[in-house]
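Read through the structure below, which is laid out as structure tokens, and then see the notes.
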Amino acid sequence: MREALFNRLTKIGGHFGPNFGMVEATIALHYVFNSPKDKFVFDVSHQSYPHKLLTGRRNGYIDDEKFSEDSGYTNPDESEHDFFNVGHTSTSIALAAGLAKARDLRDDSENVIAVIGDGSLSGGEAMEALNTCSEV
């Protein structure tokens, strides 16, 4: 997985650290949860490339001619495993809370997982979402 990431990122750029750091965590998430029924919401999407590799978009990382088929963010137009086209920090908790509320209104039972990095936790929207979620 890291070889595929390295292949793409050294040729067209992108976010190395967040993605290299999320390899094992993403594998574990996909092992434990059942995507796309269970929903992953990645903050900023800068750490979503391993998720993309596991959800049918491998060619966008190993085949130079297919790089353009895969955006740098989660994208519902690319995959049923993506729920938002996110490019702003600190939004995952609020978005996941919205999905969880909709799930509850439907009386459904899927899991909703917000994937947020420590840098995004200090954002105002993330803090507000955490405060709001703790009150519910």
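Quick rundown of the values:
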read-out: Any chance Tyr73 is among the aromatic types (Phe, Trp, Tyr), in a loop (DSSP other than H, G, I, E, B) and under 24 Å from Phe6 (Cα atoms); value: yes
read-out: Any hit, the stretch 15-26, residues being surrounded by fewer than 16 Cβ atoms within 10 Å (Cβ to Cβ), over 19 Å from Ser120 (Cβ atoms) and at pLDDT below 95; value: no
read-out: Set Ala102, Ala97: member being in contact with a Cys (Cβ under 6 Å, 6 or more places away or on another chain) and either modelled with pLDDT of 95 or more or aliphatic (A, V, I, L, M) (or both); value: Ala97
read-out: Count of the stretch 71-85 residues which are farther than 18 Å from Ser35 by Cα and buried (at least 20 other Cβ atoms within 10 Å of the Cβ); value: 0
read-out: Only one of Pro36, Pro50 that is at pLDDT 95 or above, within 26 Å of Arg2 (Cβ to Cβ) and surrounded by fewer than 17 Cβ atoms within 10 Å (Cβ to Cβ); value: Pro36
read-out: Some residue of the stretch 47-57 being among the hydrophobic types (A, V, I, L, M, F, W, C) and more than 26 Å from Glu125 (Cα to Cα); value: yes
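The values are calculated or read from the model by the stated rules, or taken from the named source; none is laboratory data. It should be emphasised that the depicted structure is a prediction, and the values quoted were computed from it without experimental measurement. So basically every Cβ, Gly included, is an ideal-geometry build from the backbone, and we count neighbours across all protein chains shown.
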